[in-house]
Structures are given as structure tokens and as C-alpha cells.
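Below is one structure; the comments refer to it alone.
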There are 2 protein chains.
Amino acid sequence: DSGDFTAIETLFNHNLSTVDLAHLLESTPSKTRILLWSFISEDNQGDVLTHLNDDIQQALLGKMSAEEIVETIQNIESDDLADMLQHISPDVSDRVLQLLPIQERAQVEGLLAYPEDTAGGLMNTDLIMVRADVNVETVLRYLRKLSLPESLDRVWVTDRNLNYQGSLAITQLLTNRPDELVSNIMSSDIKGIDAYADEEEVAQVFERHDLVSAPVINAEGILIGRITIDDVVDVIRENADHNMLSMAGLDEEGDIFAPVVKSSRERAVWLGINMATAFIAAAVMSRFETSIAQIVALAVLSPVVASMGGIAGSQTLTLIIRGMATGHITRGNLRWMLLRELGVGLLNGGLWALVIGAITVGWYHSVSLALVIAAAILVNICLAVLSGTLLPFVLKSANIDPALSGSVILTTLTDVFGFLTFLGLATAFLL
Amino acid sequence: DSGDFTAIETLFNHNLSTVDLAHLLESTPSKTRILLWSFISEDNQGDVLTHLNDDIQQALLGKMSAEEIVETIQNIESDDLADMLQHISPDVSDRVLQLLPIQERAQVEGLLAYPEDTAGGLMNTDLIMVRADVNVETVLRYLRKLSLPESLDRVWVTDRNLNYQGSLAITQLLTNRPDELVSNIMSSDIKGIDAYADEEEVAQVFERHDLVSAPVINAEGILIGRITIDDVVDVIRENADHNMLSMAGLDEEGDIFAPVVKSSRERAVWLGINMATAFIAAAVMSRFETSIAQIVALAVLSPVVASMGGIAGSQTLTLIIRGMATGHITRGNLRWMLLRELGVGLLNGGLWALVIGAITVGWYHSVSLALVIAAAILVNICLAVLSGTLLPFVLKSANIDPALSGSVILTTLTDVFGFLTFLGLATAFLL
């Protein structure tokens, strides 16, 4: 009854923060989500939208007219608005832009010029700028006229042409005399970040220098925006998620609670690709059907050889992909890495060749079968670790995301190597 | 020659930041690393140590006496020191503590009381505290006597017993009148974080409220420390890395450039576990050796059935593990999730059963074989997605990390299901 609805509305709009509401919507199947969304007051809807992941944001905005969208987004910051407009149909987004106040429209259009995953796409354009030749008192008088965000840690120093010169920490304003000049207490340690710098680079600058905010400049050195740590934290989480999820062919901006048909469609592609690779391996195996018909143990043991290679290779692959993401592994230490991995392959390959050989003797009472599987395990593990090392470099230079396609290509390789070496050796020596 | 060494020393100690030096050491094989380390000046060594990952930190500290360690760590903060002492042998760590100035020793011992992955383990104890009943001018006079860190965004408000009451943003000090009372302008929005709260919880509080720093309290509500965003960023990156790396049986604090023997040993365990599971699957397959001997196509197609289940299951598993980490998936929506995944399993299972059935007819010209493999694919994909959904919940309630052991258990299940359904159906209907 309507009493319950009022209770929900009160809860939603007074007791929960917009971040909590966004989290709740993200944790809800899509039908319930639309109902919950309708209980959120118009004042809060804009803020909630900015905290939702791309897929869900898009779904909710997709049901709204340009006029309703403009109504909803009144209080949100220009960078969030620019992100949002990139996720709706161009028609609606154009219409929204036309409906915006002229100044805000110019700001958003300026931001839309930068791809979403660059410094320009992350930045905010609400800047507090001061000149180097004024004193602390003047700055304080200026700041008192503005409404300052609580997390403001520094203001930006520019010349009269808005060229970025340095920054002034808020704490400097507290502890210096009123007549001290900005030029004497400003810091030029924080370099301006190029607007086209990749977001991963931005995150590294923040991490290296423990920054809370950083300036963004254009090609002419003009200060055009600032990036704050909260946006950088999102970048770090999303990119880490990306590496993990794309190894299973999933998208980090996908809706966890997508309905059956949408989820099935998203995952079908990955299953299809893997089916193709499984049949490649099966085709290799089928070349040895005569051998298998004579020694059925080969059929039973083939998957063991393939899977040991798959595991050894994917350990190396994961290590290399992560090392490339953190910048520890580059072409410069590839040679060292290859030698180390070959060493690991020989040691672990040797160890598990012995163990698996021993198990095979115990199981099938055949020393020659044991020798063949031991040799195949050693060769396959070595090939697997070498492929795991080289593959990410090859894919990267072909501009393919190693996290997305690395594991499926690697598994195909290790399956094919595994069947070829084991069944090939068996055919040569056991028949 | 020694001219080169001087050049390296100058580069190291004047041109590179300590973060860059740490990154360089992490990107270097262990032999070269020890040489590079010796070029870093003693003034910088402590700071570089704090930026190294656990494994490498431990290796370098392991070569030093307690006296050398005390020499090196003179300038580092108490929370970093406490972390470090947890990674060296208890004997050396005790000796280091004894050599510290009495006040610092007390601070570090206080921090050592909290596990490394809790709020207490993350916090710093250098607090700037003010009382609610003083005015802005008094606070400013007090702050001017201290050396303030540039990133200071707020000071903490406590009563006379050091009970946490709220916080005062630095920007409030700039914009309010000198005679304004702290009690009127302080904020109590930021709640004190319990010292035993898990670090992932701490990260969520920071992300939800876009914090730069947060207060840590003990069970009595006494303010005992503060956590800053730079430490939280490390937590976020490490935990994301943990989920990705442990799916391949790797450790996020491991040294990427560990030598062959160490790397081999670390990875051998995972290969051993996987070998055991591969033999479980092989044992299942060997029960059907008579069938395989009669229809060799069964040997060729079995791995295809197993691998489709493995892929479908690991997609679900990855999604659930990540959803549990972000807090979107809980026991509360498990039922919905199971039904959705079953739907996805039926749809994708049905689709790929048709495709693989058709391929099998084309390849082996046998409709009955095609029907059997189609049925096995459908059943195995459905079982795989259901296992992928349930497994993380089961493991978590048994206090086992789903990211670490989920994928290996799941693959065992999907291999066994795959062989059982396909070979079982084939034996029943084709022979």
C-alpha cells in the first residue's frame, strides 16, 4: 500500500547516501531496479547516476527523453555529465547539449573533445586559480568569496595567459604571513598532466607522488582542468577489474544483474571462440585415432598432458600481463624473463615429468608409456612457459589486449602442443 | 671504473625519486638488485624500502643486522616501520625495537598490536587534534607552530579524554571568522573507523565518501590514528591484484624477478594440485576405456565437452567472486543469481549443443553421436554455471579464499561432469 511506498521514499531520500543508492541499484535485477529508481527524488537522481556503472547508467538514461535528462542532471559536475553523454544515443545527447545553459554547454563540449580514458576525460573544469605576484591576504580574501569543496588541498598558480606555473597548498595559506607573496611559497613539484595522457599514466603520477589533486594542461601549457584522487581511485579499480574479468571474456562495465538473454548474448561470443579452439585441439587429436584405438590409455592421459601445460602457461601469462600493467616488465627485460621462465619450465617440467611418469607406471604397468608421457610433460611445460612469456608482447605490439585474448590463445597452444608431443611420441615409440 | 659508479650514485640520489628507485629495484633481477641497492644513499634507503613489495623488502632487510636496519629506517613513518618489522625474523625485529628511541618504540609496538590488513595496521599515529570549545584563531595559532604535511585536509576534534567527536576541514579554517567556535563548524559526517575493521572495509568507506583522510578509533572510542588515501590506494591495487593472481595460484607480494629456483618452488604447489585434479578426471575417463576402444571419436570429443563446461563455469565464477568483492552479490541475491545463471546455462547450453551437434554430424556422419554430445554439452554447461555460482559461497563459508581455490575446484568439477555425462550417455545409447 501507499504507506509502504512513502516509507521507501523517506528511506531512499533521507537515510541513504547517493553512493549507497547507486550500490543498491547495482545489486538489483533490472526489473526491480526501475521500480527502485522511481522512488529516488529528482534532486538525487543525477548524483546517483554518476555513481552507477556504464551499462546501468545507459539503461536508465535510455528510457528518458532529453528534457527529462536535463531535469535530472542539473546538479552534477561537468566531467560526469560529459561521461554520461558518451553513453547515450548521439541524437539524445545532441538534444541534451542544446537544452543546457550556454556556459555549461561550452564546458561539456570542451570535455567531450577528450576520449573518456585520458586525463582530459577525467578532469573537472572548476578551477581555483591565483596569480604568482599576489600575496597570501589577497588569496584568502578571494577564497572567502567562493564556496570551497571540503577536499580542496591546493589552488593553481597561473600567469595572466592562464599558463600553468605551479600550485599553492592550502596549508601554506594557514601558516604564512598575510604579506608573503604566492611566488615565494608556491610549489612547482607537481607538473601539469597533458590532457591526452592515458588514464593509467595519470594513476601512476598520483601514486608516485601521493597526490590528492593534479593540474591538466593543453598542448600550449594552458591550465584547463584538475583531476582529483576520487576519480583516480575509480580508474585503478576499473583497470584492475578489467584485467581479471577480461581473462574470462567479461566486461568490467557490464551489469552483474543483467537479465538472462542479455547475459547469455554477452557470454556466447567467448564460448564460441573457445569452442573453435577446442575443436582445433580435437582435430589434432583425431590425427592419432589409429594410435588411440590401439592403446586406449593414450585417450585417458592426453588431457593430463594438455592441462599441465595449460596451468604452467597461464601462471606465466598472468605474471607477465600484471607486470606489464605495473610497468615492471618491458621489452628491456624480456630476454632475462624468457631465460628465467625456461629455467622454471625445465625444473618444474622435470619434477612433474618424474611424478607423472611414476604414476603412469603404477597405473598402466608400462615403463615405455611412462617415458613417453614424462618426455611430453617436460616439453609441453617448457613450451607453455615460453609461450606465456612471449604471447603478451606479440599481442601488445599487434594492439590486441593481452588480458582479453591471451588466455584463450595460450590454452589453444598448450592443448595442441600437449596432444602433438604426447600422441606424436607415443605413435613413434610405442606402436 | 669508479667514474661510472659516481655517475650512477649521482643519478640515483639526486635525479630519481625514492618511488622511482623502488620501481627500478622491483624491475631488476635479484643479483643486480643488490648491486643497485648499494648505490642508494643511506638517507634514501629507508624511504625506498617503504615503497618495495614485501618479498623484496624482506630479502634486503634479511641481509642487514639490527644496527644497520636502525640506521636505515631513521626517517620513515611509524606505520611503515611496523609493517616492515612484521616481515623480518622475530629476533632481529626485537633487537631493532630495543635500539629505537623509547617514544618511537612505544608507538611502533602499539601499531604492531593490530594485524597488517586492518585499519589499525594501515593507520599513522601522527595526529593533529583540537578541542570543540576553542575558536578558529586558537586552532590557527596552534597549527602555525607545527610543520604541516602538504596533503593535510582536516584536523580531528576530540574531548579532553581524546574521545573522537568529529573533524574540521582545513578549508573551514580559511573561510570562517577567527572567533567562530570549532563546535559550530566541525563536521561529524566522517565516523571513526574501528581499529580492527578489515582493510577492504576501510577502502569502501573512503570510496563511498570520497575521503582524503579518516580517523581510527579503539573500542572505547578514543582517537588513536588516521588513515590517508595513499595507503588506501595501495590496498585497492593489492586486493585487485590478489584476485587476479591467486586465480593462477600466484602471490601478489611475490617478487616478479625471483630467481629460477624460488619461482619454481612457488609455482610447483599449484601445478601439483592441478595434476591431482587432472588425474581425478583421467580416472573418471578410464572407467569408459572399453567404450572408447570401440568408438575412438569419444576420446577426441571428450575434451571439447569438458572445456565448454570449464569456460562457462569460470565466467560465472569470475563474475561472482568479483561481485562478492565489491559487495554487490550477497546471500540475499544468491537465489536470483542461481535462477539467472540457470537461464544463461539453458540458453547458451542449448545454442552450443546445437552448434557442436551439427559439427559432429558433419565430422563423424553419426546422428546418434551428435545427439549424445549435444545432450552432454547442455547438461555440462548448466551444471558448470550452477557450480560457478554456488562454489564461492560454499568456500567463503568454509573460510577458504574463493579466488585462490575456486578455479581449480571448478575445473575439476566441470572435467568430471563433462566426461561422466558424455561418456556415460555414449555407453548407454551408442554401444
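Does B:T389 meet the test of being modelled with pLDDT of 95 or more, in contact with an Asp or Glu (Cβ under 6 Å, 6 or more places away or on another chain) and among the hydroxyl-bearing types (S, T, Y)?
Criteria met by B:T389.
In the set A:I280, A:I292, A:I227, which member is buried (at least 21 other Cβ atoms within 10 Å of the Cβ) and within 26 Å of A:D401 (Cβ to Cβ)? Steps first, answer last, please.
Values: A:I280 fails: buried (at least 21 other Cβ atoms within 10 Å of the Cβ); A:I292 fails: within 26 Å of A:D401 (Cβ to Cβ).
Unique residue meeting the criteria: A:I227.
This table checks each residue for (1) touching a residue at least 60 places away in the same chain (Cβ under 8 Å); (2) within 20 Å of B:Q107 (Cα to Cα).
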residue: B:S27; (1), (2): yes, no
residue: B:N44; (1), (2): no, no
residue: B:L52; (1), (2): no, no
residue: B:I56; (1), (2): yes, no
residue: B:A59; (1), (2): yes, no
residue: B:E77; (1), (2): no, yes
residue: B:R95; (1), (2): no, yes
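Of all residues in segment B:21-43, which are touching a Phe, Trp or Tyr at 6+ places or on another chain (Cβ under 8 Å), more than 14 Å from chain A (Cβ to nearest Cβ) and not aromatic (F, W, Y)?
Correct list: B:I40, B:S41.
Please go through segment B:133-148 and give me each residue that is surrounded by 15 or more Cβ atoms within 10 Å (Cβ to Cβ), at pLDDT below 95 and assigned to a loop (DSSP other than H, G, I, E, B), ordered by number.
B:L148
Among the candidates A:A283, A:A353, A:A278, which residue alone is more than 9 Å from chain B (Cβ to nearest Cβ) and not charged (D, E, K, R)?
Working: A:A283 fails: more than 9 Å from chain B (Cβ to nearest Cβ); A:A278 fails: more than 9 Å from chain B (Cβ to nearest Cβ).
A:A353 is the lone residue from the list that is more than 9 Å from chain B (Cβ to nearest Cβ) and not charged (D, E, K, R).
Where the second residue is not in a helix (DSSP H, G or I) and the first is surrounded by 15 or more Cβ atoms within 10 Å (Cβ to Cβ) and lies in segment A:383-401, which pairs have Cβ atoms under 8 Å and are six or more apart or on separate chains?
What qualifies is A:L395/A:D401.
Do we find a residue being outside any helix (DSSP H, G or I), touching a Leu at 6+ places or on another chain (Cβ under 7 Å) and either among the acidic types (D, E) or within 27 Å of A:Q294 (Cα to Cα) (or both) anywhere in segment B:388-410?
Looking for residues that are outside any helix (DSSP H, G or I), touching a Leu at 6+ places or on another chain (Cβ under 7 Å) and either among the acidic types (D, E) or within 27 Å of A:Q294 (Cα to Cα) (or both), one finds none in segment B:388-410, hence no.
Taking A:S405 as meeting all but one of (1) in contact (Cβ under 8 Å) with a residue 24 or more places away in the chain; (2) among the small types (G, A, S); (3) closer than 30 Å to A:N239 by Cα, write down the number of the exception.
A:S405 satisfies every listed condition except (1).
Return the pairs, sorted by first residue and then second, in which the second residue is in a loop (DSSP other than H, G, I, E, B) and of a type in the set (D, E), the first residue lies in segment B:184-200 and is without any contact (Cβ under 8 Å) to a residue 40 or more places away in the chain, the beta carbons are less than 9 Å apart, and the residues are 6+ apart or on different chains.
Cβ pairs passing all conditions: B:S187/A:E150.
Quick one: count up the residues across segment A:316-348 that are polar (S, T, N, Q) and either in the same structural domain as A:E238 (by TED's automatic domain parsing) or closer than 16 Å to A:P402 by Cα (or both).
Of the residues in that region, 4 qualify.
Out of segment B:215-264, which residues are of a type in the set (A, V, I, L, M) and either part of a loop (DSSP other than H, G, I, E, B) or more than 12 Å from chain A (Cβ to nearest Cβ) (or both)? Break it down stepwise before answering.
Here is the first cut: in segment B:215-264, the residues of a type in the set (A, V, I, L, M) are B:216-217, B:219, B:222-224, B:227, B:229, B:232-233, B:235-236, B:240, B:244-245, B:247-248, B:250, B:256, B:258, B:260-261.
Within segment B:215-264, B:V216, B:I217, B:A219, B:I222, B:L223, B:I224, B:I227, B:M247, B:A248, B:L250, B:I256, B:A258 meet the criteria.
For A:A268, are the conditions met, namely being surrounded by fewer than 20 Cβ atoms within 10 Å (Cβ to Cβ) and either closer than 30 Å to B:E341 by Cβ or of a type in the set (V, I, T) (or both)?
Here the answer is yes, as A:A268 does meet what is asked.
In segment B:17-52, what count of residues is obtained for those that are farther than 19 Å from A:D210 by Cα, out of contact with any Gly (no Cβ under 8 Å at 6 or more places or on another chain) and either of a type in the set (F, W, Y) or not in a helix (DSSP H, G or I) (or both)?
Here the count works out to 6.
Among the candidates B:G120, B:G62, B:G110, which residue alone is loosely packed, with under 15 Cβ neighbours inside 10 Å and away from chain A (no Cβ under 14 Å)?
Numbers: B:G120 fails: loosely packed, with under 15 Cβ neighbours inside 10 Å; B:G110 fails: loosely packed, with under 15 Cβ neighbours inside 10 Å.
Just a single option satisfies the conditions, and that option is B:G62.
So B:A297 clears everything in (1) in contact (Cβ under 8 Å) with a residue 60 or more places away in the chain; (2) in the same structural domain as B:L425 (by TED's automatic domain parsing); (3) in contact with a Leu (Cβ under 6 Å, 6 or more places away or on another chain) except one condition, right? Which one?
For B:A297, the failing item is (3).
For B:Q294, only one of the following conditions fails: (1) at the interface with another protein chain (Cβ under 7 Å from one of its Cβ atoms); (2) among the polar types (S, T, N, Q); (3) within 20 Å of B:Y364 (Cα to Cα). What is its number?
Here B:Q294 clears every test but (1).
Residues of segment A:307-340 being more than 24 Å from A:R237 (Cβ to Cβ) and more than 7 Å from chain B (Cβ to nearest Cβ), which ones?
The answer is A:G309, A:G310, A:G313, A:T316, A:T330, A:R331, A:G332, A:L334, A:R335, A:M337, A:L338, A:L339.
Go through (1) under 30 Å from A:T50 (Cα atoms); (2) touching a Leu at 6+ places or on another chain (Cβ under 8 Å) one by one and return the number of the condition A:M285 breaks.
In the conditions (1) under 30 Å from A:T50 (Cα atoms); (2) touching a Leu at 6+ places or on another chain (Cβ under 8 Å), A:M285 misses (1) alone.
The values are calculated or read from the model by the stated rules, or taken from the named source; none is laboratory data. Because the structure is a prediction, the values reported are computed rather than measured. Note: ideal-geometry Cβ built from the backbone for every residue, glycine included; neighbour counts use all protein chains shown.
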